[in-house]
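Take a look at the structure set out below.
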Amino acid sequence: MGKKTALVTGGNRGLGWEVCRRLAMEGVDVVLGSRNLAQGVQAAKLLWDQGRWKVSVCRLDVRVPESVEKARDFALRRFGRIDILVNNAGVFLDASPVDEGVGANSIFAAKQKTILETFETNALGPLRLCQAVIPGMVERNYGRVVNVSSGDAQLSEMTGGRTAYRISKVALNAVTRIFAGELRGTNVLVNSVCPGWMKTRMGGPLAKRTVEKGAETVVWLALHPDGGPQGGFFRDMRPFPW
């Protein structure tokens, strides 16, 4: 196929930035999507300064259909195709137990506004990107889609708390499964990843994992050879229970 092109959402910091770095190291042409364009440019400059990995930057707000379409069109104009889509952008808007009391994260206290705003970014955003990008992958019979999910989405281990975040990530896993089901027989592979609890702005200082560790499975699936897994949930490059 020659050189591949990747579009990474939420690439300006944390896991998204590390995924951009790893893919660029592997020789992939990377389009770093960032809701804040100035932050995206700074993130790309940091990649250049650290390792001379040159990436392209576009403004991408996954909540806005027009922004999704413009980001797709930007990548297509620049590179002619999108081979890899990493749906990394996400939010955690549930109330802080420290700030608002122990019961703030209970489903009984969950605010519908918080649930809807979280769902818009974490589930509908990736759905929009998949709808915009996957048809081109099908035409070329090559594509890798990695949806960054969470262990909080595991139905087999589901418990209380973090209501909005959990619901949104369960929905994201459903997005993965539905697209994978409709893409059976093609060379477009769609999978979910739990990167683990990482030391990022979202994860906080008490997290146990580095973004380097979290990015390993994302990049592994993004660059997986033909005949790879379809519609799976993975952590540390192994199947992860739904």
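The numbers here are math on the coordinates, done by the rules we state, and not lab data. The structure displayed is predicted, hence computed values, not measured ones. Positions of Cβ are generated from backbone atoms using ideal geometry, with glycine treated the same way; all protein chains shown enter the neighbour counts.
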**Prompt:** Where is the GNM fluctuation largest for the chain (alpha-carbon springs, 10 angstrom cutoff): Val218, Val138, Val170?
**Reply:** Val138
**Prompt:** Any idea what angle helix 37-51 forms with the longest principal axis of the chain, computed on alpha-carbon atoms, 0 to 90 degrees, nearest 10?
**Reply:** 60
**Prompt:** Using the Cα gyration tensor of the range 129-242, with a ≥ b ≥ c the square roots of its eigenvalues, what is the shape: rounded (a/c below 1.5), prolate (a/b larger than b/c) or oblate (neither)?
**Reply:** prolate
**Request:** Taking amide H positions as placed in the peptide plane 1.01 Å from N, state which residues far from Val30 in sequence (5 or more) or on other chains have amide H under 5 Å from it.
**Result:** Ala6, Ser56
**Item:** Whichever aspartates and glutamates have a C-alpha closer than 13 Å to that of Lys54, once near sequence neighbours (fewer than 8 apart) are set aside
**Value:** Glu26, Asp29
**Complete:** Of Leu37, Leu129, Leu15, the most mobile residue in a GNM of the chain (C-alpha springs, cutoff 10 Å) is Leu37
**Prompt:** Fewest first, what order do Tyr142, Tyr165 take by the number of other Cβ atoms within 10 Å?
**Reply:** Tyr142, Tyr165
**Request:** Let me know the longest stretch in the chain that avoids all GluC sites (Glu not before Pro) found in a DSSP loop with at most 15 other C-beta atoms within 10 Å.
**Result:** 27-156
**Message:** If each DSSP helix of 4+ residues adds -39,500 (n - 2.57) and the sum is divided by the residues in the chain, what number results at 222 nm, nearest 500 deg cm²/dmol?
**Reply:** -13500 deg cm²/dmol
**Request:** Determine the shape class of the range 5-239: with a ≥ b ≥ c the square roots of the Cα gyration tensor eigenvalues, call it rounded for a/c under 1.5, and otherwise prolate if a/b is greater than b/c, oblate otherwise.
**Result:** prolate
**Request:** Have a look at the DSSP beta bridges in the chain and tell me what percent are antiparallel, nearest 5.
**Result:** 10
**Item:** Gaussian network model of the chain, springs between alpha carbon atoms under 10 Å - residue of Asn122, Asn36, Asn12 with greatest fluctuation
**Value:** Asn36
**Set Lys3/Lys113; Lys111/Lys213; Lys169/Lys208; Lys45/Lys208 screened for pairs whose C-alpha atoms are more than 31 Å apart** = Lys3/Lys113; Lys111/Lys213
**Message:** Can you tell me how the range 1-95 classifies by the Cα gyration tensor, rounded, prolate or oblate, using a/c under 1.5 as the rounded cut?
**Reply:** oblate
**Complete:** If the chain between Arg140 and Glu212 were fully extended at 0.36 nm per residue, the gain over the current Cα-Cα distance would be 22.8 nm
